[in-house]
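Step one of this worksheet: look at the structure below.
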Amino acid sequence: MKLLIRYINKQGQGEVSEQVVHNNNVLSIGRGTNQNILLSDPKVALNHAKITIQDNAGKVSASLGKYVIKNNEVVKKCTLIVGEEIEISGHKIALLPTESNYDLVVLVSVNVIEQAALQKRYQLNFNDINMSKRSWSWTLFLSITLLCLVLPVIGLISPSWMDTLRQSPLPSDSQWSAGDLIKPHKFMGDDCAQCHTELFVPTSNETCQSCHSTVGRHVSDIALSASVNEETQCASCHKEHNPQQTLADYSQQMCVDCHVDSIEILMVNGDQNTQSAHAKLDRATDFEHDHPAFNVSVLTAVTDNEKSIKNIIDWQPKRIALTDNKSSEESNLKFSHQLHMDPAGIKSATGDVTLVCADCHVAESNGREMQPITMEKNCQSCHALTFDVDDPMRVVPHGSPDEVLLMMREYYAFRYIYKNLNKDATQADIVKAGDLFTVRDARRPGRDKGLRKDFEHSLNENTIASIEKLTKDTIRTDALVWAESRAYVAATDIFERQACDVCHVVTKDSNAELPWQVQPVKLTRQWLPAAKFPHDAHQTNECETCHAASSSELSNDILMPDIENCQQCHGSENSKNLIPNTCIDCHNFHDTQTHTLGSASKVGASNGVGHFLQHNSLNHSKSPFTYQPVATSTEGKVEAIKDEE
C-alpha cells in the first residue's frame with residue numbers, strides 16, 4: 001500500500017506543508033525518530049500509537065498507558081474511516097480520500113508548541129549572580145598568563161627553578177609540548193633546547209644535520225628555486241610530536257607535489273664544442289593509475305673500437321624501456337633458461353637432475369639482491385672443464401685463455417717426463433700426473449697458494465733423477481714439441497667444441513700468438529637501481545609469476561616484469577582491493593650515494609636527480625657528459641647550472 005503523509009505546520013499567519021511517501025499499511029506514531037508519523041512534542045510518547053490501514057479504513061491502537069481522542073472521547077482503540085480524525089496532545093491526524101497514485105492521504109496537523117516559558121526557566125546570566133564580565137575576564141586572563149607563560153619562562157632563565165616546577169604540581173614547560181617524542185628521540189627527555197635552539201622558532205635543517213650528518217641528500221640545495229626551497233626543510237616530511245609510530249611522513253602527496261609534472265634534466269657537457277644532452281623524468285602521481293612504464297638498467301660493453309667487440313675496456317649501465325620489444329641484454333653469455341629448466345631434467349656428471357630457480361638464484365642476506373652467479377658455485381657440477389681422457393679428474397682453470405694454455409703445457413710437459421724418462425723404474429715407482437698437481441675443482445692457478453703442493457715435495461727421488469738426465473737439447477726439444485702439440489690439440493677441443501664455446505663467445509685469430517679470445521661475461525645485477533624490491537617479502541610467490549624464465553631460449557632475453565605485472569597486486573595509497581602503496585615503499589627519498597646532509601652543497605656536485613641520472617640514464621661516469629641538477633623556473637622551463645670547478 002502506498003500512503004501519502006502530509007504535514008501541516010503553522011508558521012506566522014500562514015501554513016507550511018511537507019509531504020512524505022510511506023509504502024506500508026502500518027503507521028507508527030510518536031516522538032521517536034524511528035516513527036512513521038513524527039510528533040516532536042514532549043507530551044507525546046516515543047511510541048504512542050499505531051494505525052493499521054485496511055479497506056480504506058484504519059484501526060487505531062494506543063500503546064500501553066497511552067490514549068488518543070476521537071470525537072472528544074478518550075479511547076485506547078478505535079476505527080478511523082475516510083474523513084474522520086484523531087487527536088494526540090493537540091496534534092490532529094485525519095484520513096483523506098485517494099489522490100493521484102496514492103491509496104490514501106494521511107493529513108497531520110501539527111500543533112504549535114509554546115516553549116518560551118520553558119526556555120526562560122533555564123536562562124543564566126552574570127547579572128543574576130552579581131558577577132561582572134570584565135572583572136572575571138581579566139582574572140582569567142592574568143591567571144593563564146601567570147601559570148602558562150610567566151612561570152615556564154622564569155624556568156628557562158633559571159634551570160634550578162625549572163627543576164622545581166617539574167617536580168611540583170604547578171605547570172611547567174611540559175604544557176608547551178605538542179606531544180610525545182618519537183621513540184629514537186626519547187633520550188632527549190625534557191631538554192627541548194637540543195632541537196629548538198631559538199625560542200618559539202621551528203627546528204631548522206642545521207639543527208637536524210648536527211646529528212644526522214650522514215643522511216644523503218635528495219636534491220642539491222643550490223639547484224632549488226626560492227619557491228620550492230621551503231619544501232626542503234627536514235620538518236616538512238619528518239614531523240615530531242605526532243601520534244604516529246614513525247617520524248617520517250610516507251604520504252603519497254609529499255612526492256606528488258613535485259612529480260605532478262614531468263621533470264627535464266640538463267646534462268651539462270664540459271666541452272663547449274659538444275652539444276649537451278637532456279633527460280626526462282616522466283610524471284608520476286599514482287602507482288595504480290598514473291605511473292610511467294618501468295625502465296631497466298642493462299650493462300653494456302664499452303670497447304676501444306666501435307666496429308669490434310674484441311677488446312672490452314669497461315661495462316656501463318644503459319637505461320632501456322621494457323616496452324621496447326627490441327631490448328636485450330648483451331652479456332656475452334650463451335645460456336638457455338628453457339633448456340636448463342626442462343621438467344624432464346638435464347644430464348649431469350651424477351645423472352639426470354631437474355633444476356629450479358633457487359638452485360642458481362639465491363638472495364643476498366638483505367633479501368633484495370641476488371648473489372652473483374659463478375662458474376665454481378653454479379656451473380661446474382655439470383660443466384666440468386676436463387680435457388684429457390687419460391686423467392678425467394684433471395680440469396683447467398676457469399680463467400683467461402693464457403692461463404688455460406699455460407696449465408696444459410705444464411701438464412703435458414711433465415707427462416712426457418713421466419712417460420719417457422722413467423722407463424727403468426718399476427710400476428710402483430712411476431710418478432703419475434696426479435702426483436704433481438693437486439686434483440682440484442676449476443680455479444685459476446696461483447690464486448690460492450694453500451691449495452697447491454710444494455713443488456719440491458711433489459717429486460720423488462726417481463723423478464728428480466730423471467729430470468737431471470734431461471740435459472741434451474734433443475730430448476728437451478722433443479719434450480717441448482710433444483707438450484706443445486698435445487696442449488694445442490686439447491686447447492682447440494676445449495675452446496672450440498667441448499667447453500668454452502658452449503657458454504662463451506670465442507673468437508680465433510690463427511696468426512696471433514694466443515689464437516683464442518674469450519669475450520668476458522658481465523651479468524646485470526641492479527636492474528632497477530632507482531627502486532627497492534624485497535625478494536624476501538615476495539617469497540610466497542612462484543618465481544615464474546614475475547620472471548618468465550621457463551620459456552626463454554636466449555640469454556639476452558630481459559626477464560624483468562613490467563608495471564602491469566606489479567599492478568595485479570599493488571595499488572596506490574587509497575586502493576581498496578589491492579595492496580596500498582606509496583612512493584616511499586619502492587623509492588628512497590634520501591640518495592645515500594650522493595653528498596650527505598653534513599657536506600656542503602657545491603655547484604657541479606652530482607646530487608639528487610642529477611646523480612640518479614648519472615647512474616641510471618643514457619651514459620655514466622666515463623661519458624664525456626657531467627650531470628648537473630637544474631632548477632625549474634616558474635614557467636616550467638629548465639635552467640642550466642654551469643660547472644664552475
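The values are calculated or read from the model by the stated rules, or taken from the named source; none is laboratory data. Remember, predicted model here, so these are calculated numbers, not experimental data. All Cβ positions, glycine included, derive from the backbone under ideal geometry; neighbour counts span all protein chains shown. Note: accessible area is taken over every heavy atom of the protein model, side chains too, but ligands, DNA and RNA are not part of it. Shrake-Rupley method; radii C 1.70, N 1.55, O 1.52, S 1.80 Å.
In this structure, the pairs whose alpha-carbon distance is over 27 Å, taken from LYS10/LYS77; LYS419/LYS508; LYS326/LYS522, are LYS10/LYS77; LYS419/LYS508. Amide H contacts for LYS318 (H built 1.01 Å from N in the peptide plane; partners 5 or more residues away or on another chain; cut-off under 5 Å): VAL298, LEU299, THR300. Accessible area of SER204 (1.4 Å probe, protein heavy atoms only, ligands and nucleic acids ignored): about 40 Å². Go ahead and run the numbers for FRET between SER550 and ASP493, Cβ-Cβ distance against an R0 of 25 Å, rounding to 0.05. E(calc), rounded to 0.05, equals 0.20.
Counted by Cβ distance under 12 Å from MET408, the other residues give a net charge of -3, where Lys and Arg count +1 and Asp and Glu count -1.
Full extension of the chain segment joining SER262 with THR98 gains 52.4 nm, where the gain is 0.36 nm per residue of separation less the Cα-Cα distance.
In the complete set of protein chains, residue-level accessible area for MET407 is approximately 20 Å², probe 1.4 angstrom. Put +1 on the Cβ of each Lys and Arg and -1 on the Cβ of each Asp and Glu in the stretch 1-109; which of ASN56, LEU80, LEU4 then has its Cα farthest toward the positive end of the dipole? Going by the charge dipole, the pick is LEU80.
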